[in-house]
Amino acid sequence: MSISLSAITKSFGKNSVLKEISLDIADGEFLTLLGPSGCGKSTLLRILAGLELQSSGTVSIGGRTVDGVRPKRRDVAMVFQSYALYPHMTVAENMALPLRMRGLNAWQRLPLVGRLLPGTRIAKRQIEEEVRRTADALSIGPLLDRKPGQLSGGQRQRVALGRAMVRQPTVFLMDEPLSNLDAKLRVQMRAEIKELHSRLGVTFVYVTHDQSEAMTLSNRVAVMLDGELLQVAPPHEIYADPDDRRVAEFIGSPKINMLAGTVRERGRIDAAGTTLSAVLDMPVGTLVAVGIRPEAFHLTHHAGAGSFAGTVRLVEHMGSDLFVHLDVRGQGEPLIARLLAERAPHVTIGQTLHLAADLDRVLLFDEAGRRIRTTREGRGASVARLREMA
Amino acid sequence: MSAASSTTRLSAPGLLRHAVLLATAALVLIPFVWMVSLSIKPPGEIFRTGFSFWPHQFYGFENYAKAMTEAPLPRYMLNGVIVCTLIVLLQILVCAPAAYALAKLDFPGRGLLFGMVLVALILPHEVLALPLFVLGYKLGILNTYAALIFPYVVSPFGIFLFRQFFKTIPDDVVHAARLDGLNELAIVWKVMLPMAVPAIIAFAIFSVVSHWNSLFWPLIAVRDQALMPPPLGIMAFRNEEAGNDYGPLMAAATIVVAPLVIAFLAAQTWFVEGMTGGAVK
Ligand SMILES: Nc1ncnc2c1ncn2[C@@H]1O[C@H](COP(=O)(O)OP(=O)(O)O)[C@@H](O)[C@H]1O
Ligand SMILES: [Mg+2]
């Protein structure tokens with residue numbers, strides 16, 4: 001089912017948590033809401049599920065406006081960060097509950113009377129089979145008779161997934177489902193969730209504060225900050241072509257280098273003791289922020305225009321790559337460059353290095369943090385330039 | 001003996017602490033011990049100066065037989081069971097949804113309502129005796145079981161205790177239940193209450209003890225001996241049959257408190273858990 005959020009706002013008292021969120025999610029898409037803790041992701045997800053009422057705006061699912069429709073009738077399933085399993089029920093009962101509530105009527109659910117009513121036995125058998133099938137698909141079949149308290153974190157996570165899957169919803173909502181798992185299990189479950197999505201082919205809305213989860217899982221990522229949607233785009237675009245300075249700074253590790261720059265003359269920007277060329281129409285003297293990703297640097301031999309000179313403060317060996325921290329005069333924080341280890345074999349602390357930035361990958365932002373798009377852009381041009389220099 | 005306990009024995013504050021605890025326990029226990037002791041003594045020994053727990057002449061059989069036969073003690077006990085059971089069940093039936101609303105639902109006036117529960121909590125029930133008596137009279141339920149039960153059905157303490165316990169259950173569990181298709185009442189009965197078993201047991205013990213032992217309201221509400229709960233029955237028994245025959249009277253009192261003591265000892269761990277709140281997740 002497609003989902004459409006239009007101008008959703010939410011306040012708790014005076015505290016405005018969501019500010020005019022509009023978002024369209026296609027049928028079968030895997031969309032991730034990515035943002036730091038406290039930015040309103042869970043609140044938005046709860047509004048989608050109908051567990052919380054928005055202050056204004058409209059939610060529609062599958063083209064139908066669902067404002068005021070109860071959670072049960074929205075045909076969405078949710079996996080919670082804390083799993084929210086029922087501790088007094090076995091795994092089988094946990095997973096069967098959503099089916100019982102839908103497949104059996106109130107009389108049939110009664111312990112003794114129910115058994116006497118027509119159809120109960122067949123319906124119950126179907127539910128049992130459905131639960132078993134789902135449990136087997138998640139390899140938790142042998143755990144069906146246990147209580148959640150007797151399971152490990154990873155197993156509880158699977159049960160929570162199973163409870164959501166078992167009734168075959170058309171929309172899956174997941175609120176940081178992996179954040180309580182250890183690193184290894186997290187990577188494994190990440191792959192399983194991805195696999196689950198391609199198998200079921202239904203819409204997934206996934207909430208996380210972990211950018212690697214967002215980048216690996218999603219068709220599109222929606223970056224949220226302080227209750228605002230900053231950008232909604234495929235993962236590579238979020239990384240390489242951010243619309244907003246905050247997006248550029250939130251995504252990527254190590255963090256993007258941000259330099260304070262001034263437009264000197266048309267097409268030239270002064271930053272961190274050097275001059276970069278960029279094609280842009282801005283009056284002389286305009287302040288800009290120059291963002292350069294660590295891997296957009298390369299070593300160069302000539303000092304002068306376009307190259308940053310500095311002293312090496314720290315070298316981190318990461319196998320095929322080196323992270324070089326460079327103290328540059330007039331720049332508060334060191335620049336961090338990611339260099340291929342084979343291209344920079346003898347970097348030592350205290351040494352003076354010259355770094356040049358790949359100009360096509362330099363990101364410019366205005367004072368409000370909005371992206372300034374220059375005319376010279378695109379991968380092709382950048383590759384051509386690199387060849388020229390080699 | 002472990003090293004830890006021998007060091008506590010040596011330290012003066014530890015000694016003092018234990019002395020105070022022992023003295024308090026003794027103060028609380030002495031009347032009960034005395035009661036049991038009197039219940040096995042012949043009339044002649046009861047008023048003898050000097051105290052010994054064991055009688056010279058064991059008279060327990062006679063006293064207990066008299067208590068069981070001369071007063072309708074089984075009837076009083078049955079009344080106690082009926083009244084206490086109904087009170088507890090109705091209290092849970094009323095308090096759990098109220099507590100759920102106060103703990104998990106968001107509605108205007110919630111804070112005010114909870115404040116009123118707290119006020120009711122500190123109000124002694126005796127204050128309400130007269131209005132309740134008038135109300136009972138108007139409804140025509142005086143001198144029936146209903147008169148013994150209804151005034152207690154809404155228990156501020158129960159609402160408070162359950163609300164505190166429900167607060168410790170994560171909101172996500174409620175959310176999951178709503179998505180699974182449970183309505184609000186179903187959430188109370190199928191999710192919240194089963195998760196709050198320690199609180200229920202603590203509350204049930206508290207409720208049964210206080211209503212099993214209550215004398216004041218039954219004294220006002222019923223006159224028919226066939227309806228009397230145990231303490232009131234014993235009082236009537238003393239006046240009418242036993243006079244100053246304290247042996248059988250103490251035997252009756254022992255029989256009356258015995259079920260409570262046994263039940264409390266059996267459920268002790270749960271009781272403590274429920275009172276300290278939310279230990280079981
Ligand atoms: N029921 C609530 N009452 C008051 N404030 C809330 C409530 N739920 C969330 N908030 C506030 O809304 C903000 C966003 O919360 P949340 O959606 O949980 O963030 P996230 O999931 O991104 O970490 C937080 O500042 C939080 O304090
Ligand atoms: Mg959250």
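The values are calculated or read from the model by the stated rules, or taken from the named source; none is laboratory data. These numbers were taken from a predicted model, which means no experiment stands behind them. Using ideal geometry, Cβ is built from the backbone for each residue, glycine included, and neighbour counts are taken over all protein chains shown. Calculation scope for accessible area: heavy atoms of the full protein, side chains included, ligands and nucleic acids excluded. Shrake-Rupley method; radii C 1.70, N 1.55, O 1.52, S 1.80 Å.
Residues are listed down the side, and each one gets a yes or a no for (1) open to solvent by 30 Å² or more (accessible area, probe 1.4 Å); (2) of a type in the set (Ser, Thr, Tyr); (3) more than 17 Å from A:Ala260 (Cβ to Cβ):
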site: A:Val288; (1), (2), (3): no, no, no
site: A:Ala296; (1), (2), (3): no, no, yes
site: A:His301; (1), (2), (3): yes, no, yes
site: A:Leu326; (1), (2), (3): no, no, no
- Message: Based on this model, can you work out whether B:Val20 counts as open to solvent by 30 Å² or more (accessible area, probe 1.4 Å), part of a helix (DSSP H, G or I) and within 30 Å of B:Ala146 (Cα to Cα)?
- Response: no
- Task: Filter the range B:105-156 down to residues that are in a helix (DSSP H, G or I) and on the phi > 0 side of the Ramachandran plot, then give me how many there are.
- Result: 0
- Item | Single residue of A:Leu44, A:Leu51, A:Leu34 found to be within 12 Å of chain B (Cβ to nearest Cβ), modelled with pLDDT of 90 or more and within 16 Å of ligand 1 (Cβ to nearest atom) | A:Leu51
- Query: Given the residues B:Met192, B:Met116, which is the only one that is in contact (Cβ under 8 Å) with a residue 60 or more places away in the chain, assigned by TED's automatic domain parsing to the domain that holds B:Leu215 and more than 24 Å from B:Leu215 (Cα to Cα)?
  - Reply: B:Met192
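Could you list, in sequence order, the residues of the range A:199-247 that are outside any strand (DSSP E or B), away from ligand 2 (no atom under 16 Å from the Cβ), among the acidic types (Asp, Glu) and under 19 Å from A:Ala368 (Cα atoms)? Step through it out loud before you land on a result.
First, pick out the residues of the range A:199-247 that are outside any strand (DSSP E or B): A:199-202, A:209-219, A:226-227, A:234-243, A:245-247.
Imposing the further condition that a residue be away from ligand 2 (no atom under 16 Å from the Cβ) reduces the set to A:199-202, A:212, A:215-219, A:234-243, A:245-247.
From what is left, the residues that are among the acidic types (Asp, Glu) are A:237, A:241, A:243.
A:Asp241, A:Asp243 - these are the residues of the range A:199-247 that are outside any strand (DSSP E or B), away from ligand 2 (no atom under 16 Å from the Cβ), among the acidic types (Asp, Glu) and under 19 Å from A:Ala368 (Cα atoms).
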- How many residues of the range A:135-178 are within 16 Å of ligand 1 (Cβ to nearest atom) and away from every other protein chain (no Cβ under 13 Å)? The answer is 1
- Task: Quick one: in the range A:21-78, of everything that is more than 16 Å from ligand 2 (Cβ to nearest atom) and in a helix (DSSP H, G or I), which residue is most open to solvent (accessible area, probe 1.4 Å)?
- Result: A:Arg73
- Query: Pick from the range A:62-79 the residues that are within 20 Å of A:Leu196 (Cβ to Cβ) and of a type in the set (Val, Ile, Thr): which of them is farthest from the other protein chains (Cβ to nearest Cβ)?
  - Reply: A:Val79
- Could we say that A:Thr9 is surrounded by 23 or more Cβ atoms within 10 Å (Cβ to Cβ), among the polar types (S, T, N, Q) and touching a residue at least 24 places away in the same chain (Cβ under 8 Å) here? no
- Which ones in the range A:73-104 are within 16 Å of ligand 1 (Cβ to nearest atom) and polar (S, T, N, Q)? A:Gln81, A:Ser82
- With respect to A:Ser82, is the statement that it is in contact (Cβ under 8 Å) with a residue 60 or more places away in the chain, within 16 Å of ligand 2 (Cβ to nearest atom), within 14 Å of chain B (Cβ to nearest Cβ) and open to solvent by 10 Å² or more (accessible area, probe 1.4 Å) true? yes
- Message: Report every pair of residues separated by at least 6 positions or lying on different chains whose Cβ atoms are under 7 Å apart, first residue within the range A:185-207 and within 22 Å of A:Ile47 (Cα to Cα), second modelled with pLDDT of 90 or more and open to solvent by 70 Å² or more (accessible area, probe 1.4 Å).
- Response: A:Thr203/A:Asp27
- Query: Has the range B:171-194 got any residue that is closer than 28 Å to A:Leu161 by Cβ, within 14 Å of another protein chain (Cβ to nearest Cβ), away from ligand 1 (no atom under 16 Å from the Cβ) and within 20 Å of the chain's Cα centre (by Cα)?
  - Reply: no
